[in-house]
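The structure appears below as C-alpha cells.
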Ligand SMILES: Cc1cc2nc3c(=O)[nH]c(=O)nc-3n(C[C@H](O)[C@H](O)[C@H](O)COP(=O)(O)OP(=O)(O)OC[C@H]3O[C@@H](n4cnc5c(N)ncnc54)[C@H](O)[C@@H]3O)c2cc1C
C-alpha cells in the first residue's frame, strides 16, 4: 500500500490548482493527484469557452464574486508571462428591450461592488467598439473579459505541478473508500491499487457527488449534466472582434447562448445548456451508463413535471434548450445579438462540454454558487461551475485554507 499526505481525485483545473496551493502551504508534503483519463483536462476544464470572466454577474456575498476578478487577473498574468495564447478582446452584454436594460444596470452595480472594471455605454459607443453589435439603448462593456486556450493552460499548470514534486497519475481512477480504514489514515482503492492518506480531496467534476457519497458527504445533492454545444463560423470578411452576451436570466446558472471570440480570433456561438442523460453524454451513445441515466432521468423528469419549482423553471429551460440542437435555431438565437449572423457561415460543430451542475434535492433547486463539504479527513468540491476556470486560483487557495 502506498502512502501520501494528500491524495486528490480529479485532474481538471480545480484539482491541479488545489495541488499547487497545497504545495505552497506544505512545501514538504507528499501529494498525489490521480486522473482517470490519459491526460489532465479532458472534461470541463478542456471543453469550455475559454473565457476569462470579469466577475460582474455575481451577487456580492457569493464565492463567485469573491474569486472571479482576482482569478481573471492571475490567469491573465500567467498566460502573458508563460507566453500562452490570450486574446484580450473584451466583452459587451446587450439588451433587447427596456426590461433588460434594467438588468444591465443591476449587473453594472454588481460589477462595481465586486471591484470590476465595467461601464454602461450607449448603443452608439457599443457600435464604435464592435460595429456588428445589436443592442437596445445601452450595453455593458467589460474590457477585462478575454479568451485563453483552456487546455493549454491546464497542461501548463499540470507541468508546473509535476515540476514541484506533485505526482500526477493519469489513467488511474478512484474506485472507493476502504471501509476498514481507521486511526488518522484513510484507505482509498483505485484502479492502480490501494493507498493510505492523511487527507483526501475530491475534485472529480461530474463524479464529485458519487465520491462524496462514499464519505457520507453531499447526501442532499446530485450532479446533473448539461450539455454545451458550440458552433464555429467559417472565416468571414468582418469577424466579430469581441464577445457579445445577452442579458442572462439571473434565476438560472447559465448565461445564455452568446458569441465568443476564441484565443486565436475564431468566432463561435454557444454554449447551450441542454439537459444530458448521462454524465459523459458528449456524442451519440459514447460512455453510456444505464444506472446514471435512470437516476438522472428520474430527477430531470420530476423537475420537468414541476416538482422542483422554486424560482427556477426547469421545464421552460429544458424546452428552450433542446431546440438548440437545431443549427438554424441556434444561429437565429445568436442573430438577435449581432448583425450579419448567417447559417451558411456557421457550419462546424465544436467539441461539446458538459457542465457538472449541482442539484439540491432537499431544496429542489440548482445551486448557483461554488459549493464544497469537508471535515478533518476529506474535502469534496461539489459545484465547481462556471466561472470556476477563471476563479480557480483564489478558489483553490480558499479550499486549502479550510483544510487547516
Ligand atoms: C460548456 C462549458 C463552458 C464553460 N465556459 C467557461 C468559461 O468560459 N469560463 C470559465 O471560467 N468557466 C467555464 N466553464 C466552467 C469550467 O469549465 C469549470 O468550472 C471547470 O473546468 C471545473 O473544473 P473541475 O476541475 O472541477 O472539473 P473537470 O475539468 O471536469 O475535472 C474533473 C476531473 O476529474 C476526473 N475524474 C472524475 N472521476 C474520477 C475518478 N473516479 N478518479 C479520478 N479522476 C476522476 C475527470 O476525468 C476530470 O478530468 C464552462 C464549463 C462548460 C462545461
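The values are calculated or read from the model by the stated rules, or taken from the named source; none is laboratory data. Being a predicted model, the structure only gives us computed values, none of them experimental. A quick note on method: Cβ atoms are made from the backbone with ideal geometry, for glycine too, and the neighbour counts reach across all protein chains shown.
Annotations
Yes/no matrix, rows are residues, columns are (1) part of a loop (DSSP other than H, G, I, E, B); (2) at pLDDT 95 or above:
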residue	(1), (2)
363	yes, no
369	yes, yes
373	no, yes
380	no, yes
383	yes, yes
391	no, yes
394	no, yes
397	no, yes
400	no, yes
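- Members of region 1-38 found to be in a helix (DSSP H, G or I) and over 19 Å from residue 204 (Cα atoms), listed by number: 23, 24, 25
- Tally, over region 316-346, of residues that are under 23 Å from residue 276 (Cα atoms) and outside any helix (DSSP H, G or I): 1
For every residue, the table says whether it meets (1) in a helix (DSSP H, G or I); (2) within 30 Å of residue 8 (Cβ to Cβ); (3) modelled with pLDDT of 95 or more.
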site	(1), (2), (3)
80	yes, yes, yes
83	no, yes, yes
108	yes, no, yes
121	no, no, yes
141	no, no, yes
158	yes, yes, yes
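- A count restricted to region 122-141 and to residues that are in contact with a helix residue (DSSP H, G or I) (Cβ under 8 Å, 6 or more places away or on another chain), surrounded by fewer than 24 Cβ atoms within 10 Å (Cβ to Cβ) and under 21 Å from residue 54 (Cα atoms) stands at 3.
- Residue 243 vs. criteria surrounded by 23 or more Cβ atoms within 10 Å (Cβ to Cβ) and either within 13 Å of the ligand (Cβ to nearest atom) or without any contact (Cβ under 8 Å) to a residue 12 or more places away in the chain (or both): yes
- The combined condition, being surrounded by fewer than 17 Cβ atoms within 10 Å (Cβ to Cβ) and modelled with pLDDT under 95, is not fulfilled by residue 165.
- Among (1) crowded, with 23+ Cβ neighbours inside 10 Å; (2) within 10 Å of the ligand (Cβ to nearest atom); (3) closer than 26 Å to residue 165 by Cα, the one test that residue 79 misses: (2)
- Test for residue 53: is it within 14 Å of residue 393 (Cβ to Cβ), within 6 Å of the ligand (Cβ to nearest atom), modelled with pLDDT of 95 or more and crowded, with 18+ Cβ neighbours inside 10 Å: yes
- Residue check: residue 264 meets all listed conditions (1) on the phi > 0 side of the Ramachandran plot; (2) surrounded by fewer than 21 Cβ atoms within 10 Å (Cβ to Cβ) but one, namely (1).
- Filter result for residue 355 (more than 22 Å from the chain's Cα centre (by Cα) and either within 28 Å of residue 219 (Cα to Cα) or buried (at least 19 other Cβ atoms within 10 Å of the Cβ) (or both)): no
- Of all residues in region 229-270, those satisfying the criterion of being within 25 Å of residue 366 (Cβ to Cβ), within 17 Å of the chain's Cα centre (by Cα), at pLDDT 95 or above and in a loop (DSSP other than H, G, I, E, B) are 229, 230.
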